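Right, one structure below, let's go through it.
The values are calculated or read from the model by the stated rules, or taken from the named source; none is laboratory data. From a predicted model like this one, the values you see are computed outputs, not experimental measurements. All Cβ positions, glycine included, derive from the backbone under ideal geometry; neighbour counts span all protein chains shown.
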Amino acid sequence: MRTSVLLSAILAVTASEAATFTAREAGNSTNSLIVSETPDYVRPYIVRAYTLPGVRLGPQVYRFPVTGPSSGYAFTLISTAAPASTELGVLPHLHQTHYENFYCLRGRYALWTSKDGKTDGRILTPGDYGAVPHNTTHTFQMLDPFVEQVGVIQPGGFEDLFYFLAQENYTSSTYAPYPQGNYTTPGGDAETISKLQALDVYAELTFSPPMAFDANGVSGNGTGVWHNGENSLAADSATPFFVAKGYGPKCLTSTTNNGSYFIIEPFITSVQSDGNFTEGTITMSQLSSGAQADTYSFTGHTALEVVDGLVGVSVGGYDGNVTLAIGDVVFVPAGTKFSFWGEAAYSKVLYVGQGTDTLDAALLRSATVWDSVIWPAS
């Protein structure tokens with residue numbers, strides 16, 4: 001997307017206007033939840049993995065299941081698919097107003113954070129998470145032949161950065177996550193970097209990430225606890241931190257009629273976000289035959305991305321149920337009733353909630369501290 005197109009998009013849309021747009025694009029009919037392009041206004045919708053058009057930046061393809069306009073600028077959800085690279089995936093930089101979150105869906109990648117004299121590096125594998133609060137220098141590098149990051153950025157609208165930087169649009173008739181080819185990640189000259197500051201990207205070009213990872217996938221001068229012990233959440237909204245899959249806090253609850261178990265593993269609570277958003281995972285057992293899934297409705301928006309198994313969803317105002325597979329995303333606006341449940345024996349979603357009246361907060365009210373990643377066997 002050319003710079004002029006980006007600037008026009010920024011100037012043309014405000015958060016209040018985004019909620020009043022009508023459906024115009026083919027495939028975004030409100031007769032169906034499943035869309036082929038992310039809506040440009042707030043409405044319930046589902047996107048299937050790899051079906052959205054994306055943008056290519058070097059070897060990386062970025063897709064945006066939730067955008068500023070589609071969420072009323074509550075948050076952006078980004079899917080990044082890429083092959084391994086010998087280069088950093090992005091210039092070291094920081095954000096002054098955006099809180100960035102990294103989740104590993106597929107493959108391995110290195111993520112580094114640096115703030116207040118403390119530098120931490122981790123090799124993330126599927127299910128691992130890294131938090132990058134405001135004013136935290138960070139960068140990453142793709143390490144496996146197929147890597148997929150799930151990024152959550154609050155507030156919404158950060159996708160404008162990638163529209164600005166994109167070298168070309170990307171679509172695939174076969175839904176290939178990224179194209180084959182020898183691509184290099186473009187560097188940034190002084191002129192480009194100065195323009196990026198308007199998009200809340202401040203280059204930290206003197207930062208050199210520590211590449212010497214130990215056997216546990218840790219580098220830097222911070223804590224060495226990763227896949228070998230308990231990972232704690234930060235005690236405030238300013239401190240970067242990491243949570244390895246299954247090594248963070250966990251709580252167990254069940255649906256109202258005991259039809260299934262939920263294990264909530266929070267990454268971001270109101271403490272880490274100053275009450276702006278929440279994020280984490282919910283592992284669920286299969287809904288018992290004949291049982292009804294609980295119904296929820298919140299004052300903030302909710303997004304769920306399936307990261308394991310199969311998940312059924314029902315959204316108020318739409319007939320029938322939809323089964324979601326790995327990488328599929330459902331977005332539910334504030335005040336909209338919805339239900340979700342495990343359709344496979346083992347399923348998991350990554351959740352994102354706006355504000356403090358959120359799905360995780362509702363589930364945690366009836367939950368107990370749990371020391372396992374699996375629900376009771378009987």
Mind listing just one residue for me: the one in region 319-372 that is among the hydroxyl-bearing types (Ser, Thr, Tyr) and surrounded by fewer than 19 Cβ atoms within 10 Å (Cβ to Cβ) and, of those, nearest to GLY229 (Cα to Cα)? SER372
ASP319: passes all of (1) touching a Phe, Trp or Tyr at 6+ places or on another chain (Cβ under 8 Å); (2) over 20 Å from PRO65 (Cβ atoms); (3) acidic (Asp, Glu) but (1)
Just give me the residues in region 127-159 being of a type in the set (Asp, Glu) and either surrounded by fewer than 22 Cβ atoms within 10 Å (Cβ to Cβ) or more than 16 Å from the chain's Cα centre (by Cα) (or both), in sequence order. ASP144
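Do we find a residue being in a loop (DSSP other than H, G, I, E, B), modelled with pLDDT of 95 or more and within 30 Å of ASP308 (Cβ to Cβ) anywhere in region 23-33?
Restricting attention to region 23-33, the residues satisfying the condition of being in a loop (DSSP other than H, G, I, E, B) are 23-33.
This time we only want the ones that are modelled with pLDDT of 95 or more, so: 33.
Checking which are within 30 Å of ASP308 (Cβ to Cβ) leaves us with 33.
Within region 23-33 (the criterion being in a loop (DSSP other than H, G, I, E, B), modelled with pLDDT of 95 or more and within 30 Å of ASP308 (Cβ to Cβ)), the answer is yes, since at least one residue qualifies.
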Return yes when PRO210 is touching a Gly at 6+ places or on another chain (Cβ under 8 Å) and either buried (at least 18 other Cβ atoms within 10 Å of the Cβ) or within 22 Å of GLY130 (Cα to Cα) (or both) and no when it is not. yes
Within region 254-279, the residues that are buried (at least 21 other Cβ atoms within 10 Å of the Cβ) and aliphatic (A, V, I, L, M) are ILE263, ILE264, ILE268
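Determine whether SER36 is hydroxyl-bearing (Ser, Thr, Tyr) and under 23 Å from VAL307 (Cα atoms).
Taking the combined requirement at face value, the residue satisfies it.
Filter region 267-297 down to residues that are in contact with an Asp or Glu (Cβ under 6 Å, 6 or more places away or on another chain) and not β-branched (Val, Ile, Thr) and give me whichever is nearest to VAL150 (Cα to Cα). Outline the logic, then answer.
Our first condition is that a residue be in contact with an Asp or Glu (Cβ under 6 Å, 6 or more places away or on another chain); within region 267-297, this holds for 267-268, 278, 280-281.
Next cut, not β-branched (Val, Ile, Thr) only: 267, 280.
Details: PHE267: 14, GLY280: 12 Å.
Per the criteria, the residue is GLY280.
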Residue within region 163-172 that is under 30 Å from PHE213 (Cα atoms) and among the charged types (D, E, K, R) present: no
If you go through region 85-118 one residue at a time, how many are surrounded by 20 or more Cβ atoms within 10 Å (Cβ to Cβ) and either in a strand (DSSP E or B) or outside the structural domain of SER208 (by TED's automatic domain parsing) (or both)? 15
Could we say that GLU100 is closer than 21 Å to SER208 by Cβ, of a type outside the set (S, T, N, Q) and free of Cβ contacts under 8 Å to residues at least 60 places away in the same chain here? yes
Single unsatisfied condition, LEU52 versus (1) hydrophobic (A, V, I, L, M, F, W, C); (2) modelled with pLDDT of 50 or more; (3) more than 18 Å from the chain's Cα centre (by Cα): (3)
Is at least one residue of region 361-368 in contact with a Phe, Trp or Tyr (Cβ under 9 Å, 6 or more places away or on another chain), part of a strand (DSSP E or B) and touching a residue at least 12 places away in the same chain (Cβ under 8 Å)? no
Under 7 Å between Cβ atoms, which residue pairs at least 6 apart in sequence (or on different chains) link something in region 230-251 that is among the aromatic types (Phe, Trp, Tyr) with a partner that is assigned to a strand (DSSP E or B) and surrounded by 17 or more Cβ atoms within 10 Å (Cβ to Cβ)? PHE241/ALA131; PHE242/ASP120; PHE242/ARG122; PHE242/TYR129; PHE242/GLY130
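Could you go through region 304-311 and let me know if any residue there is in contact (Cβ under 8 Å) with a residue 24 or more places away in the chain, touching a Leu at 6+ places or on another chain (Cβ under 6 Å) and of a type in the set (D, E, K, R). Spell out the reasoning first.
Initial filter on region 304-311 (in contact (Cβ under 8 Å) with a residue 24 or more places away in the chain): 304-311.
Now drop any that are not touching a Leu at 6+ places or on another chain (Cβ under 6 Å), which leaves 305-307, 311.
The next check asks that each one be of a type in the set (D, E, K, R); those that pass are 305.
Yes, there is a match, as at least one residue in region 304-311 is in contact (Cβ under 8 Å) with a residue 24 or more places away in the chain, touching a Leu at 6+ places or on another chain (Cβ under 6 Å) and of a type in the set (D, E, K, R).
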